[in-house]
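Just so you know, all these numbers are worked out from the coordinates, no wet-lab data involved. This one's a predicted model, so the numbers in the text were calculated from it and none came from an experiment. Don't worry about glycine lacking a Cβ; one is built from the backbone with ideal geometry, like all the others, and counts go over all protein chains shown.
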Amino acid sequence: MTNQIQIEDKTFEILLEKHNISKRTRLIGIQMNVDYENKCPIFIGVLNGSFLFMADLLREIEIPCEIGFIKVSSYEGTASKGIVKQAFGLPGNLHNRDVIIVEDIVDTGLTLNYVLDEVRKQGPASIKACTLLLKPEALIAPIKELEYTAFEIPNEFVVGYGLDYDGLGRNLKDIYREKTVPSHLL
Ligand code: IMP
């Protein structure tokens, strides 16, 4: 673990170390094993950012379960529609299933709300969400399905452990936050 890293034009400093991420992940897994006892949930990871968290979380799950991944892309729609989201790869067999959406980070919450809407259309038995990181100050409105949060973090840009800056940094074991210059030095 290095305390400071450089990715392109940005400097980042350590925010969460891998051993703390592992501890929280284990606790969430234990809770899910209890909450979903005698059920067979389907976990759906939101790519790309959730791939490491999803893998580590699923290693803690001891109940029978299925696993899938979904990719959500955003593009500019017409002026009246603003940003439009589109989901790829959502399993089509979610009717009467217990669905758990796994996110890397919930920032404004728009992505998670979009995925929840898409899953709801299939009439699942239950739907909950789990996120590694939550930025409460950026969240537009509370999301009642968000049952499991590993860490609440300040409204700062972060990389590592699945999260990227300009496509880079997803492979880092720890999570780093952007280092900002104190205002009196600007
Ligand atoms: P939303 O604003 O909750 O819809 O978040 C959308 C997506 O933005 C997340 O799934 C991440 O891919 C990305 N994102 C939000 N905040 C960060 C960050 O601090 N670092 C890296 N990606 C982020």
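Looking only at the range 1-48, count every residue that is outside any helix (DSSP H, G or I) and among the polar types (S, T, N, Q) and tell me the total.
Of all residues in the range 1-48, those outside any helix (DSSP H, G or I) come to 1-17, 36-48.
From the residues that got through so far, the ones that are among the polar types (S, T, N, Q) too are 2-4, 6, 11, 38, 48.
Residues flagged as outside any helix (DSSP H, G or I) and among the polar types (S, T, N, Q) within the range 1-48 amount to 7.
I need the full set of residues from the range 135-184 which are under 18 Å from Y114 (Cβ atoms) and either within 9 Å of the ligand (Cβ to nearest atom) or assigned to a loop (DSSP other than H, G, I, E, B) (or both), in order please.
Within the range 135-184, K135, A138, L139, I140, A141, P142, I143, K144, E145 qualify.
Might you let me know whether the range 23-31 holds any residue that is crowded, with 18+ Cβ neighbours inside 10 Å and more than 25 Å from D164 (Cβ to Cβ)?
Checked against the condition, which is being crowded, with 18+ Cβ neighbours inside 10 Å and more than 25 Å from D164 (Cβ to Cβ), the range 23-31 yields no hits at all.
So N93 fits all but one of (1) within 11 Å of the ligand (Cβ to nearest atom); (2) outside any strand (DSSP E or B); what number is the exception?
(1)
Which residues, counting only those in the range 13-49, are within 16 Å of the ligand (Cβ to nearest atom), closer than 16 Å to D104 by Cβ and out of contact with any Gly (no Cβ under 6 Å at 6 or more places or on another chain)?
L15, L16, I21, G45, V46, L47, N48
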